[in-house]
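Colleague: Structure below; questions to follow.
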């Protein structure tokens, strides 16, 4: 029997699911190898049993928390897909303010009609078997994970920082262009797409497991920056990270 | 009439971006409840953007929506440029406009083929069509992939864009890339689009009309997608800075998204609204597509939003062929975006694929965002969907429950809602 694959969306932009639809012609082959039993963005067919559950988005209401626990009970393998599920992503920017303040800013006098809880990554609520980082995730990494799961191979995350792929792409260092780049401390696997696109790294794939702390401190000092500046910048995509660790 | 109860809830309507519910409760043809509910978890972007620098704001704002990220990027950048008084070069405007055409084209193809067509072919998704209608699915994938590649060449990555910034672009396509896009648009894509029109014009769209107000950006000399004035079928064009007088947002208990109204009980935005307001500025080939669908302005059938999307797909293809001709004739050269930060407020308005979108920011003198207001098209349409429901349900209440349910879901899908922007959409409760 083919493995049953399900996609569940929580609080997020649904860009991760869209990246899966963007496999384009490869998706036709992938569909042949698995049964996609839940994919609400693209399908009205439902199922309650699945071997692999992909979780997109953060859990930001009590209802979300209940739902993720139910999904965990029914899923053999649970994968956090994308930054919002892996680290809280940009949704965690709201954690810089009290929830009352967030509600008041958005809903004004009607704030009392609504509720919200601080953004947490999925791993704060349930066991996560695999992480696919990024905002959005790299679609090739999703394909690689599914292939590993189908063939029983271990899925390994890319270990090196973004700088390695950035050098291979022959980019001018973003620091040299006056940007504050998080490439030296961020997990690669994205082909340094943002620096190649003329910008800098925002750290959406979360910090590497073992950052080269001394080298980073030297680099920051050379450009007149501090560790606190770096942590502030890192918060844009990783504001809920201490909770996931 | 025999005693008949119609009770259903469609929880989290499928094949829309975001979550929404439909609740229907009727007895003997008497409707007790007919409600469009939005239970999506709010994101709090307007609060979250506070304290970020303008360039971070422009990079983060597209994360409001995975499907229309380029539209959000452009509304965000336009608001920032308005606040700082930035003037774009002719080259930047041409690059921006063809990037936006790529967004419109790709989103319309995704919507018509992946989200709308399955209803007419009697299946739950495009997935079974891969075996029964392989040529149709391959054509859809081919067009969508091309649309992504077209956008990627200008912005680095369609979800989420990288290379467009306030003041222009930081990466530039090569002549070969421009030629490649133009050849595709004139060749394979034009052919695929013509076949698509032939296919979709054979589908029988439900016969339903509700006259309402239609709102879209408008310009005197072009079919507007970025900037201009706020046009309406009911009144003269209004300045973009007065957008709050048009949207008049209000909170309703059944929705985490805010609703809107202008001169009537509700207004509609999106492809059909743009067609109704700006049809005379369409490219001649797009006008021919409208004729093929029997689409005449003003059209009051919301199910024909999909037809208007195909009309617009042809328009943006033709428009971009002209833009690429200009870029190829003049030659493309790297230009450094010039931005002088100053304290102030700016409003940006664009036509996202699903309707008019506003970003409104206030910056301090260091360029940090101190206030943000964002009004998205899906929210503007919630009130219109509810009023369509109120008229549609009595007209179809004698039909079998499953048919009623499907027709109501199809109506919601026709609007191409993108609820995650705000909130998620569609639970049809026949309770």
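Colleague: So what is the orientation-averaged projected area of chain B, using the convex hull of its C-alpha atoms, in nm²?
Modeller: Mean orientational projected area (chain B, Cα hull): 19.8 nm².
Colleague: Rounded to the nearest 0.05, what FRET efficiency is calculated for residue B:131 and residue B:179 with R0 set to 35 Å and r the Cβ-Cβ distance?
Modeller: My answer for the efficiency is 0.45.
Colleague: What percent do you get for the relative contact order of chain B when only Cα pairs under 8 Å and 6+ apart count?
Modeller: Across chain B, relative contact order equals 32 percent.
Colleague: Output the relative contact order of the stretch A:98-219, whole-number percent, from Cα pairs under 8 angstrom with separation of 6+ residues.
Modeller: 21
Colleague: Okay, moving on. Give me the inter-chain shielding for A:89-97: mean count of other chain Cβ atoms within 10 Å, whole number please.
Modeller: 5
Colleague: Could you work out the mean count of beta carbons from other protein chains within 10 Å of each residue's beta carbon in B:59-69?
Modeller: 6
Colleague: For the pair residue B:340 and residue A:218, what calculated FRET efficiency results from E = 1/(1 + (r/R0)^6), where r is the Cβ-Cβ distance and R0 = 41 Å, to the nearest 0.05?
Modeller: E(calc), rounded to 0.05, equals 0.80.
Colleague: Measure nothing fancy, just the Cα-based angle from helix B:69-84's long axis to the longest principal axis of chain B, in degrees from 0 to 90, nearest 10.
Modeller: 50
Colleague: Another question about this same structure. Between the stretch A:200-238 and the stretch B:228-254, what is the separation of their alpha carbon centroids in Å?
Modeller: Using only Cα atoms, the two centres lie 43 Å from each other.
Colleague: Now for a separate question. With an 8 Å cut-off on Cα pairs and a minimum separation of 6 or more residues, tell me the relative contact order of chain A in percent.
Modeller: Here the relative contact order equals 20 percent.
Colleague: For peptide B:161-170, how many partner chain Cβ atoms fall within 10 Å of a residue's Cβ, on average?
Modeller: Averaged over the peptide's residues, the number is 3.
Colleague: Run the helix sum for chain B: -39,500 (n - 2.57) per DSSP H stretch of 4+ residues, divided by residue count, reported at 222 nm to the nearest 500 deg cm²/dmol.
Modeller: One gets -13000 deg cm²/dmol as the mean residue ellipticity at 222 nm.
Colleague: Please give the peptides A:99-106, B:86-93, B:210-217, A:223-230 ranked by average Cβ packing (other Cβ atoms within 10 Å per residue), highest first, as a rough proxy for protection.
Modeller: Going from most to least packed, we get B:210-217, A:99-106, B:86-93, A:223-230.
Colleague: Roughly what would the spin-label model give for residue B:241 and residue A:100, points 7 Å off Cα along C-beta, in nm?
Modeller: About 3.6 nm, to one decimal.
Colleague: Report the dimensions of chain A along its three principal axes from the alpha-carbon atoms, largest first, rounded to Å.
Modeller: If we take the Cα atoms of chain A, the spans are 57, 51, 27 Å.
Colleague: Rounded to the nearest 500, what is chain A's calculated 222 nm mean residue ellipticity when only DSSP H runs of at least 4 contribute -39500 (n - 2.57) each, over all residues?
Modeller: So the helix-based figure for chain A works out to -10500 deg cm²/dmol.
Colleague: Okay, next question. Is the shape of the stretch B:264-353 best called rounded, prolate or oblate, per the rule: a/c under 1.5 gives rounded, else a/b larger than b/c gives prolate, else oblate, with a ≥ b ≥ c the square roots of the Cα gyration tensor eigenvalues?
Modeller: Oblate, because a/c is 1.5 or more while a/b does not exceed b/c.
Colleague: Same structure again: Angle check, please: helix B:401-414 long axis (alpha carbons) against the longest principal axis of chain B (alpha carbons), in degrees 0 to 90, nearest 10.
Modeller: The angle comes out near 10 degrees.
Colleague: Another question, then. If you average the alpha carbon positions of the stretch B:306-322 and of the stretch A:96-115, how far apart do those two centres end up, in angstrom?
Modeller: Centre-to-centre distance over Cα atoms comes out at 41 Å.
Colleague: Size of the protein assembly as shown along its principal axes in angstrom, Cα-based, largest extent first?
Modeller: Here the Cα extents, ordered largest to smallest, are 82, 59, 53 Å.
No lab work stands behind these numbers, since they all come straight from the coordinates. Note that the coordinates shown come from a computational prediction; the quantities given were computed from them, not determined experimentally. Please note: Cβ atoms are built from the backbone with ideal geometry, for glycine as well, and neighbour counts cover all protein chains shown.
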